[in-house]
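One structure below.
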Amino acid sequence: MNGATTLAVPAAYTGRAPAWQQTRVTQGQLDAIALRCRQVLDQSMQRVGSDAVAALNEDVLTLRVEHSLAAAEHQIMRRASGRQFFQHYVEELAEQVYPEFTQQIEAILPYAVTYSRVRVDCEGDCIVFSFGLRSRVG
């Protein structure tokens, strides 16, 4: 693969593709978003070393970030307060970082962020941020 992600229209489609499908997004742009958002999250949690991966599927950008909590901290937090507390903690953190994440995404991609969501993947030890995108191409 040449390192670029091309948003293609299925062969059976005969009309004009939506604007977001006409815009090309490179793997480098996705990597830049992952790096910048990881830095914002690490700074917010006063941690370093988390890993992040960004992917684009249709009009949704997904950012998977490894938990920055050590495994022992995570287990203590879950035992002490249950999964709901950890989900609530992540949601509160997400509210703090969403404006910066949105700014980084919109600075790199020709899209506007229309919505954002967060969920905790406890089995995968990661936080999954999702951003709805709308093309800014007129």
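What follows is calculated from the coordinates using simple rules that are stated; it is not laboratory data. Bear in mind the structure is a predicted one, so any value in this text is a computation, not a measurement. Because the Cβ atoms are built from the backbone with ideal geometry, glycine has one as well, and the counts that use them run over all protein chains shown.
What the table below lists for this structure:
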| item | result |
| --- | --- |
| Gain in span if fully extended, residue 87 to residue 51, counting 0.36 nm per residue against the direct Cα distance | 11.1 nm |
| Label-to-label distance, nm, for residues given as residue 35 and residue 95 (7 Å Cα→Cβ offset) | 3.2 |
